[in-house]
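The values are calculated or read from the model by the stated rules, or taken from the named source; none is laboratory data. Since the model is a prediction, treat every value here as computed from it, not as a measurement. We place every Cβ from the backbone using ideal geometry, glycine too, and count neighbours over all the protein chains shown.
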Amino acid sequence: MSTSPQLFAHRGLHHPFSPHPESSFDSYRAAIDAGADGVECDIRLTQDGHLVVWHDATLERIAQSPLRISRSTLDQLREVWPILTLEELLDLTIAERKNIAIETKHPVRFGQRVERELSKLLKRKHVAIKASGIDIYLMSFSWWATSYNAQAPYMATYLVRSRRLMFLARFLTAGLNIEILRSGFIPSDPSTTLVWTVNDEADIKLCKSLGVHVIITDDLRLAQSA
């Protein structure tokens, strides 16, 4: 008998489903308050070496600023927008005992330095992570990035992510775009499969009927009620 999928809020609970902008502290706080099992985030590295929670290469789409993450310091970015650091978000998920999926963006200016800094942060937080009992999923569309992440023995779960099909390989968890499931593909082990980004009621019901492990969604409330 399959169990209900965990529901992860994609970049938090954000507009148009709540008043908060995506990837903001308030969007993640709202997702947790709304009962999400976990949250998903994208990370990039600033010029001065801070991992920040941000999907795009620049602030343009959300903050109407041309500042580029990789060529700006954290202080410069925060003069324009209250951008969240990964450490701040991780501290929140640890305190609230919520799982987190972290995607590193590639290709980027700093290459694998992003993964190295992520590894340092997770190692530094290892005791708190273990005590909280949360699962952390490290994701990337880059195979070599995810391979690097798999070298971190203090993490519980690793995710190989592709725009088409996932490769399970020696990793514990696979991920699929919802379009793959819509096409009729059935994962060999749905109980270890994450699916993104699931915002349609029929798609949510499909994922639940298959018994997938995690549904990543923008519309948390729909996912809870479907």
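Observations, loosely collected:
- Segment 30-55 - residue that is farther than 17 Å from ILE69 by Cβ and under 12 Å from the mean Cα position of the chain (by Cα) and, of those, surrounded by the fewest Cβ atoms within 10 Å (Cβ to Cβ): GLY38
- Looking only at segment 172-226, residues that are touching a Lys or Arg at 6+ places or on another chain (Cβ under 9 Å), surrounded by fewer than 23 Cβ atoms within 10 Å (Cβ to Cβ) and in contact (Cβ under 8 Å) with a residue 40 or more places away in the chain come to 2 in all.
- Matching residues, segment 115-149, being under 22 Å from ASN177 (Cβ atoms) and buried (at least 18 other Cβ atoms within 10 Å of the Cβ): ASP135, ILE136, TYR137, LEU138, MET139, SER140, SER142, ALA145, THR146, ASN149
- Counting only residues that are surrounded by 14 or more Cβ atoms within 10 Å (Cβ to Cβ) and either at pLDDT below 95 or not hydroxyl-bearing (Ser, Thr, Tyr) (or both), segment 66-75 holds 4 of them.
- Near pairs, Cβ below 9 angstrom, 6+ apart or cross-chain, from segment 104-131 (in contact (Cβ under 8 Å) with a residue 24 or more places away in the chain and part of a helix (DSSP H, G or I)) to any residue that is of a type in the set (Asp, Glu) and surrounded by fewer than 17 Cβ atoms within 10 Å (Cβ to Cβ): LEU121/GLU87; ALA128/ASP91
- Residue within segment 132-142 that is under 17 Å from LEU89 (Cβ atoms), touching a Phe, Trp or Tyr at 6+ places or on another chain (Cβ under 9 Å) and not in a strand (DSSP E or B) present: no
- Output for segment 16-54, where each listed residue is closer than 13 Å to ASP218 by Cα, touching a residue at least 60 places away in the same chain (Cβ under 8 Å) and not in a loop (DSSP other than H, G, I, E, B): TYR28, ALA31, GLY38, VAL39, GLU40, CYS41
- Every residue from segment 164-191 that is modelled with pLDDT of 80 or more, outside any loop (DSSP other than H, G, I, E, B) and either over 19 Å from PHE141 (Cα atoms) or under 16 Å from the mean Cα position of the chain (by Cα) (or both): LEU176, ASN177, ILE178, ARG182, PRO190, SER191
- Qualifying residue in segment 55-72 (condition: touching a Ser or Thr at 6+ places or on another chain (Cβ under 6 Å), in a helix (DSSP H, G or I) and of a type in the set (S, T, N, Q)): no
Residues are listed down the side, and each one gets a yes or a no for (1) among the basic types (Lys, Arg); (2) surrounded by fewer than 17 Cβ atoms within 10 Å (Cβ to Cβ); (3) over 18 Å from the mean Cα position of the chain (by Cα):
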site: THR3; (1), (2), (3): no, yes, yes
site: GLY12; (1), (2), (3): no, no, no
site: HIS15; (1), (2), (3): no, yes, no
site: TYR28; (1), (2), (3): no, no, no
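- Test for ILE94: is it crowded, with 17+ Cβ neighbours inside 10 Å, under 19 Å from the mean Cα position of the chain (by Cα) and closer than 15 Å to ARG11 by Cα: no
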